[in-house]
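Visitor: Below is a structure I'd like to ask you about.
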Amino acid sequence: MRYYVSASVLSADLLSIGGEIKRLEENGVDMLHFDVMDGVFVNNITYGLPVLEQVRRATDMTLDVHLMITDPLRYAEAFAKAGADIISFHSESASDVRETIKAIRSAGAKPAVAIKPATSAESVYDILPEVDMLLVMTVEPGFGGQSFMYDTVEKVRLIRRRIAELGLECDVEVDGGINYETAPIVREAGANVLVSGSCLFRAEDMSEAVRKIKGDA
Ligand code: DX5
Ligand code: ZN
């Protein structure tokens, strides 16, 4: 299985975002994870389209956009046009899941569905053939730096098993509380795209942190 680290820039030095992006590129980070929060779907507000457009101009890295917003269907095309390569939206949002998947794909980005800790694996089995990635939240969405919820691991395992049974090539991303202790646990359960915010940006040696999270060190 190929493993990827997606850096959550929520934990970056946002006043020096250009330099932070260079640091990610130089240290072997695979993707840039861009958390969009609207203050309604989650209790926090981050950044949106104008910032993403500038990030797009600054890098060729894969932009992995995680929409924690109430109506992702309304903004899917705009985020694709702003430069998102992958767009994750929540199955718990107000938008129709299939319509949103369609809108993301026809705007030229890869669709992914995200689920909160209380949402079951079974609830997304039907849509696995339609998405490029499934995002399992391993904390309650809203803030970086939270502790990993161990009871989400079984869900990763069930989803990876179902993907294999269906013969699909779907990535499984985990997001929240990923560090040197929890990364091996989620990899073993079947996750292959690991989001890391606080662990990665706090590391003294970022390239070593990337290798450790991927299990190469
Ligand atoms: C939380 C966000 C995460 C968060 C991860 O709602 O979706 O991407 O920034 O940060 P850490 O790795 O610090 O848990
Ligand atoms: Zn995220």
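The values are calculated or read from the model by the stated rules, or taken from the named source; none is laboratory data. The structure displayed is predicted, hence computed values, not measured ones. Positions of Cβ are generated from backbone atoms using ideal geometry, with glycine treated the same way; all protein chains shown enter the neighbour counts. These area figures cover heavy atoms from the full protein model, side chains too; ligands, DNA and RNA do not enter into them. Shrake-Rupley method; radii C 1.70, N 1.55, O 1.52, S 1.80 Å.
Visitor: Name every residue in region 12-40 that is among the small types (Gly, Ala, Ser) and either open to solvent by 50 Å² or more (accessible area, probe 1.4 Å) or within 11 Å of ligand 2 (Cβ to nearest atom) (or both), in order of residue number. Reasoning before the result, please.
Guide: Start the filter on region 12-40 by keeping residues that are among the small types (Gly, Ala, Ser), which leaves 12, 16, 18-19, 28, 39.
The answer is 16, and nothing else.
Visitor: Let me ask you something else. Condition (residue is of a type in the set (A, V, I, L, M, F, W, C), loosely packed, with under 15 Cβ neighbours inside 10 Å and either free of Cβ contacts under 8 Å to residues at least 60 places away in the same chain or in contact with a Gly (Cβ under 6 Å, 6 or more places away or on another chain) (or both)) applied to region 143-166: is it met by at least one residue?
Guide: Within region 143-166, the first condition is being of a type in the set (A, V, I, L, M, F, W, C), and the residues that meet it are 143, 148-149, 153, 156, 158-159, 163-164, 166.
With the extra rule that they be loosely packed, with under 15 Cβ neighbours inside 10 Å, the set shrinks to 164, 166.
Okay, now just the ones that are also either free of Cβ contacts under 8 Å to residues at least 60 places away in the same chain or in contact with a Gly (Cβ under 6 Å, 6 or more places away or on another chain) (or both), so 164, 166.
Yes, that holds for at least one residue.
Visitor: Follow-up. Search region 165-217 for residues being among the β-branched types (Val, Ile, Thr) and over 13 Å from the mean Cα position of the chain (by Cα), and hand back the single one that is nearest to residue 155 (Cα to Cα). Don't jump to the end; show me each part of the working.
Guide: Applying the first criterion (among the β-branched types (Val, Ile, Thr)) to region 165-217 yields 172, 174, 178, 182, 185-186, 193, 195, 210, 213.
With the extra rule that they be over 13 Å from the mean Cα position of the chain (by Cα), the set shrinks to 182, 185-186, 210, 213.
Numbers: 182: 15, 185: 12, 186: 10, 210: 24, 213: 20 Å.
The qualifying residue nearest to residue 155 (Cα to Cα) is 186.
Visitor: Are there any pairs with C-beta distances below 9 angstrom linking a residue in region 63-88 that is on the phi > 0 side of the Ramachandran plot to a residue that is open to solvent by 40 Å² or more (accessible area, probe 1.4 Å) and at pLDDT 95 or above, with the two at least 6 apart or on different chains, and if so which?
Guide: Sorted first by the residue in region 63-88, then by its partner, the pairs are 83/53; 83/56; 83/57.
Visitor: Could you tell me whether region 142-165 includes any residue that is within 12 Å of ligand 1 (Cβ to nearest atom), in contact with a strand residue (DSSP E or B) (Cβ under 7 Å, 6 or more places away or on another chain) and under 16 Å from residue 6 (Cβ atoms)?
Guide: Checked against the condition, which is being within 12 Å of ligand 1 (Cβ to nearest atom), in contact with a strand residue (DSSP E or B) (Cβ under 7 Å, 6 or more places away or on another chain) and under 16 Å from residue 6 (Cβ atoms), region 142-165 yields at least one hit.
Visitor: Only residues that are surrounded by fewer than 23 Cβ atoms within 10 Å (Cβ to Cβ), in contact with a Leu (Cβ under 9 Å, 6 or more places away or on another chain) and within 12 Å of residue 69 (Cα to Cα): list them for region 85-115, please.
Guide: If the condition is that a residue be surrounded by fewer than 23 Cβ atoms within 10 Å (Cβ to Cβ), in contact with a Leu (Cβ under 9 Å, 6 or more places away or on another chain) and within 12 Å of residue 69 (Cα to Cα), then 93, 94, 95 are the ones that fit.
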